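Data block below; observations after.
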Amino acid sequence: MPSFHALRASLAAAVIAAAAFIGASPSPALAQAASEPAAAAEPAPAAATGTPVAPEAQPAPTPIVGEEAVDNPYGLKALWTQGDWVARATLLIMLIMSMGSWYIIFTKVFEQHSMLKSAATGADAFWKASSVKAGLSALQEGSAFRYIAEAGITANDHHEGTMVEAVDKHTWIGMSIDRATGSVQSRLTDGLAFLATVGSTAPFVGLFGTVWGIYNALVKIGISGQASIDKVAGPVGEALIMTAVGLAVAVPAVMGYNWLIRRNKAVMDRVKAFAGDLHNVLIAGKR
């Protein structure tokens, strides 16, 4: 029995020693959990001690997208290069109309300006002369006023001794001066009929070009079998350029015609006044 009790006491002492050893050593899970807060708290002292921190990354610059110039495939240039002979002939006709209109406008303005200047200077000097023949030299060579004065002097000098002597001198001189005045007026109105024709017909010529262009566009669309907006709007808009060109030709012609008519009236008033005074002077016998 003493040996049994001694064995029992030794086993109890071994169990107690093993339990004390297990309680003193920490478990792996608890050691890992305790190490994670320590690791998370480590950067704070580094930041507090002034350790340099990497700068924030700047956003990448936005690339600048440039606008690329695109040629208009339905402009006036395309209308000429892609059009048939009818379209080109229509454009050429309207170009000739426009050039002729502007030429007439500029030449008539220059001619009217010369006549008004001659009326303001030459006619005044003419009436200050001692006689009609002496005053003739004061008028500019080739001017309308010199032409009328020469016609009056010629009619006055060649009245006697000819078959026109049967006509009254007053009537004969008046007829000669009136013919000269009418000739001046006719010369002033030269070209105005062309302006009137261009102003009245150019819109219809442009409209013809538009109708022809729309017809060709519809034929091409029908052949291609595509009736989308990009296939219809382009050719039709290109054809409408013809109408715009016609109006651009007609409007200056109409405005120029009306303006020149008003200026012609002012010039002819000065010419008729000069002719009337010359007639009276010649009838009075002042040569």
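Extending 7 Å from the Cα toward the beta-carbon at both residue 251 and residue 175 defines two label points whose distance is 5.1 nm.
Accessible surface for residue 251 stands near 80 Å², nearest 10, in the context of the full protein assembly shown (1.4 Å probe).
Between residue 221 and residue 92, the contour length at 0.36 nm per residue exceeds the alpha carbon distance by 43.8 nm. A probe of 1.4 angstrom, applied to the heavy atoms of all protein chains, finds residue 215 with accessible area near 130 square angstrom.
Distance from the Cα centroid of region 116-147 to that of region 250-287 is 15 Å (rounded to whole angstrom).
The accessible surface of region 83-159, taken with every protein chain in place and a 1.4 Å probe, is 68 percent carbon and sulfur. Label positions at residue 117 and residue 99, each projected 7 Å from the Cα along the C-beta direction, are separated by 2.8 nm. Here the extension length gained between residue 265 and residue 107 equals 55.2 nm, from 0.36 nm per residue of separation less the Cα-Cα distance. When the square roots of the Cα gyration tensor eigenvalues are ordered a ≥ b ≥ c, the ratio a/c for region 99-183 is 1.5 or more and a/b does not exceed b/c, which makes its shape oblate.
Each label was represented as a point 7 Å from its Cα along the Cα-to-Cβ direction; for residue 240 and residue 208 these points are 2.3 nm apart.
The values are calculated or read from the model by the stated rules, or taken from the named source; none is laboratory data. Note that the structure is predicted; figures quoted are calculated from it, not measured. Don't worry about glycine lacking a Cβ; one is built from the backbone with ideal geometry, like all the others, and counts go over all protein chains shown. Ligands, DNA and RNA are stripped out before the accessible areas are found, and what is left, the full protein with its side chains, is counted by its heavy atoms. Shrake-Rupley method; radii C 1.70, N 1.55, O 1.52, S 1.80 Å.
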